[in-house]
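A short worksheet on the structure shown next.
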Amino acid sequence: MRATIKYRLVFLALMIFSFVIGVNWTPDTLANDADKQALYLISALYFVLLPLGYWYCIIKKGAQKLWKIIVIFSLSSLVARLSFPAEIAHYFEFIAWLRYPIIAVLLIIELYLIVSVVRGLLKVRKLKGDPRVGAVETYREGDDKSLTIALIMASEATNWFYSIPWFSRNHPPAIANINLKSAARWHVWLMLTGCIVASCSSYFLLVSWSEWVAIIVSSIIGYTLMSIVANHRLSRYYSLYLMRDNLVINNSLWGFMVINLTDIADVTNQPLAEIHQEDAETISIGGGQSNVTIKLNRPVIYHGGMGQLPEPMTVIHLSVDEPQQLMNTLNSAKLSQAA
């Protein structure tokens with residue numbers, strides 16, 4: 001596991017621990033000094049420790065933008081509004097007023113999804129490969145912000161492209177399959193079941209607050225069913241393939257790399273003892289023991305977080321079902337390109 005992921009998990013654990021402790025230990029009233037001291041400690045936990053943890057684990061170690069710290073302040077304010085004693089909670093009443101802009105934003109998102117579905121269906125009819133690959137090829141040497149926006153725009157077409165077999169009928173064949181849990185049948189059924197349960201649960205939890213919000217949120221969650229199917233088919237059938245002199249590596253829908261063959265320095269079957277997964281520019285993809293190592297001439301971006309968490313990589317360790325076939329194919333492709 002890479003260091004950035006470890007830090008994200010550390011902060012997630014810290015956040016869950018802080019909110020569970022805070023909600024359960026928050027006094028109902030401020031009847032004495034002990035109650036006030038408990039509230040002071042919980043406030044420091046919410047508005048000092050958690051923001052500091054977010055800044056260190058997510059912003060500093062994850063190389064994210066500083067403005068994103070507003071996320072944890074907003075979340076802490078919401079928890080304070082719902083759990084603090086009444087004489088203090090009213091200071092966070094502004095959170096309750098957020099319901100109206102939230103409803104407006106959700107309506108805009110819902111309309112955007114409808115438009116995106118229509119546009120995505122029109123775009124993927126004649127595609128022969130992942131739309132994200134074209135975005136990377138176009139903006140690989142350009143502005144990072146342009147590439148980020150391009151990947152966001154391509155995400156909807158990508159979901160439709162992989163979720164419906166007819167759309168991906170002209171897809172380049174896989175040269176090997178990465179050993180991914182998301183490629184298993186039990187995984188996709190578990191995810192589909194969880195999505196349906198989450199969609200229904202969100203409706204029943206929110207309907208007493210706002211029926212409009214309940215319908216919108218549950219429908220947005222339900223819409224991810226398409227992404228779950230796309231994620232499974234991508235992981236099972238198209239995790240590793242060649243496309244226009246590029247090696248495309250898909251770590252499910254979550255992350256992917258587009259590596260030009262000229263950037264590949266070496267492809268080997270490196271022993272596990274020599275693998276250093278803690279290196280900042282090293283990534284390991286696939287469950288089990290890595291059996292293929294790809295070394296690059298220069299850093300190539302790994303687009304994590306569905307394209308929104310870019311990280312430069314120079315060494316890729318893969319766990320695949322046909323390691324020798326992958327090495328032979330890549331070496332032959334490099335020789336053909338050089339000739």
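In this entry, residue 169 is excluded by the filter for residues that are at pLDDT 90 or above and charged (D, E, K, R). In this structure, is residue 296 over 23 Å from the mean Cα position of the chain (by Cα), within 30 Å of residue 150 (Cβ to Cβ) and open to solvent by less than 10 Å² (accessible area, probe 1.4 Å)? So residue 296 does not fit the description; no. Of the numbered criteria (1) free of Cβ contacts under 8 Å to residues at least 12 places away in the same chain; (2) over 19 Å from residue 247 (Cβ atoms), the one residue 214 fails is (1).
Residues are listed down the side, and each one gets a yes or a no for (1) hydroxyl-bearing (Ser, Thr, Tyr); (2) under 28 Å from residue 330 (Cα atoms); (3) at pLDDT 90 or above:
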position	(1), (2), (3)
133	no, yes, no
137	no, yes, no
149	no, no, no
155	yes, yes, no
174	no, yes, yes
178	no, yes, yes
189	no, no, yes
195	no, no, yes
208	yes, no, no
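Which fully enclosed helices (runs of 4 or more DSSP H) of region 1-84 have 1 or more residues being in contact with a Lys or Arg (Cβ under 7 Å, 6 or more places away or on another chain) and of a type outside the set (Val, Ile, Thr)? Spell out how you get there, then give the answer.
On the way: elements: 3-25, 33-44, 50-54, 70-83.
In region 1-84, 3-25 are the helices (runs of 4 or more DSSP H) which contain 1 or more residues that are in contact with a Lys or Arg (Cβ under 7 Å, 6 or more places away or on another chain) and of a type outside the set (Val, Ile, Thr).
Say we look at region 66-77 and pick out the residues that are in contact with a helix residue (DSSP H, G or I) (Cβ under 7 Å, 6 or more places away or on another chain) and surrounded by fewer than 15 Cβ atoms within 10 Å (Cβ to Cβ); which of these is modelled with the lowest pLDDT? Even if it seems obvious, please write down each step before you answer.
To start, the set of residues in region 66-77 that are in contact with a helix residue (DSSP H, G or I) (Cβ under 7 Å, 6 or more places away or on another chain) comprises 66, 68-69, 72-73, 76-77.
Still in the running and surrounded by fewer than 15 Cβ atoms within 10 Å (Cβ to Cβ): 66, 68, 73.
Values: 66: 77, 68: 71, 73: 80.
By that ranking, first place goes to 68.
Take region 210-254 and flag every residue that is within 15 Å of residue 303 (Cα to Cα) and either surrounded by fewer than 18 Cβ atoms within 10 Å (Cβ to Cβ) or among the aromatic types (Phe, Trp, Tyr) (or both). If the condition is that a residue be within 15 Å of residue 303 (Cα to Cα) and either surrounded by fewer than 18 Cβ atoms within 10 Å (Cβ to Cβ) or among the aromatic types (Phe, Trp, Tyr) (or both), then 254 is the only one that fits. For region 20-54, what are the residues that are buried (at least 18 other Cβ atoms within 10 Å of the Cβ) and over 21 Å from the mean Cα position of the chain (by Cα)? Result: 22, 26, 39, 42, 45, 46, 50. Residues in region 176-191 that are open to solvent by less than 30 Å² (accessible area, probe 1.4 Å) and among the hydrophobic types (A, V, I, L, M, F, W, C): 176, 178, 180, 183, 184, 188. Can you name every residue in region 292-308 that is in contact with a helix residue (DSSP H, G or I) (Cβ under 9 Å, 6 or more places away or on another chain) and closer than 22 Å to residue 183 by Cβ? Selection gives 292, 293, 294, 303, 304, 306, 307.
The values are calculated or read from the model by the stated rules, or taken from the named source; none is laboratory data. Note that the structure is predicted; figures quoted are calculated from it, not measured. Neighbour counts are summed over all protein chains in view; Cβ atoms, including those assigned to glycine, are modelled from backbone coordinates with ideal geometry. Just so you know, the surface numbers come from the protein's heavy atoms only, side chains and all, with ligands and any DNA or RNA stripped out. Shrake-Rupley method; radii C 1.70, N 1.55, O 1.52, S 1.80 Å.
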